[in-house]
Structures are given as structure tokens and as C-alpha cells.
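Worksheet: the structure to be examined is printed underneath.
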């Protein structure tokens, strides 16, 4: 049996866990499956970093106040720390060929402490009159897709500290409390 061609359709992070929908296509057998997973392993820092690179795109596409600074500095030269009040939760890919693009899903933490959900409009990768950084957006989504596939198929997970295993010397009087 041939290996499936994997196409990520949607990925999001909730509580440091990946939720993903992807299509696996088998050309020789001429069929495909759409698979949705809610994963229990913690996401790796590399996947979080890949999503972090989508922040300037979210801000620029949604014409947030910081968008002008991004356009002047450039998408990769902009100081991403200025966007600490934004969080990218995921993305959804759609279209094909010249109409392929993405919707970025995010949030903005407001000064009041409330959270504003932000969904960027569908943005094509190849649109002459569209988004100025469409090529960079396509590359950043590919980086996210790579990290999602590494998580799904190569066990590239984050590490969760379960407990510390220290030996207590016999001559030390230590009481251990159980927490509930």
C-alpha cells in the first residue's frame, strides 16, 4: 500500500493541545479520507513558534492599529514583541491552485482584560491586488504545516514534567504532603 499524501486543512491549539483536520490521499487506490483529531500530547515549542510568526499577518490583514508599522518595517523585520497582546490560535486552509489561501484565527487581549476574537478574512496566496505579504504568508503557513505533520507523524511533542524523582537522604527528616 502506498503512503498517503497529507494535506493539512485546519490546525488549532487549545490548552497546549493540537486539534487538526487533514486529508490523506491515496492516488493509486484513487480515494482520500478526511481525518479530524483532538490530540492529547502537548504541542512542541517549534509549533508554537511557527504560529507566532503568523501574528504580524493577522494584524496586517485585519487592519489593526499596528498594521502600518508592520508595512513600513516589513513582515520579517517587525519587532514581534510589540504584538504581545495578540495570540494566534490556528488557521484554516482553503481553495486550490491560484485561489488557494488561508484564514488565520486569533485573539487580541484588550486593555480592559477582555479578549477579542479575531478571524482574518480568507486571504489568497496569489492575488496581485490582495495582501502585500502573500508570499511570506504562504511560506509561514507551510512552516506551520511542517510542524503539524512532525507532531502528528514523527512524535514531535512538547515535554510535560510529571514529577521530580529525588532521593531523600536517610539522615534528613522531611515530611511529604500530598496536595489535592
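Where a number appears in this text, it was derived from the coordinates with a stated rule and is not lab data. Computed from a prediction, not measured in an experiment: that's the story for all the values here. Note that we place each Cβ from the backbone using ideal geometry, even for glycine, and neighbour counts take in every protein chain shown.
Things to note:
- Answer from 16, 46 - the residue that is in contact with a helix residue (DSSP H, G or I) (Cβ under 6 Å, 6 or more places away or on another chain), surrounded by fewer than 18 Cβ atoms within 10 Å (Cβ to Cβ) and under 19 Å from residue 150 (Cα atoms): 46
- Scanning the range 95-147 for residues that are touching a residue at least 60 places away in the same chain (Cβ under 8 Å) and over 15 Å from the mean Cα position of the chain (by Cα), we see that the one that is nearest to residue 49 (Cα to Cα) is 136.
To keep it simple, each residue is scored yes or no on (1) closer than 19 Å to residue 46 by Cβ; (2) surrounded by 15 or more Cβ atoms within 10 Å (Cβ to Cβ); (3) touching a helix residue (DSSP H, G or I) at 6+ places or on another chain (Cβ under 6 Å).
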position: 72; (1), (2), (3): no, no, no
position: 90; (1), (2), (3): yes, yes, no
position: 142; (1), (2), (3): yes, no, no
position: 150; (1), (2), (3): yes, yes, no
position: 158; (1), (2), (3): yes, yes, no
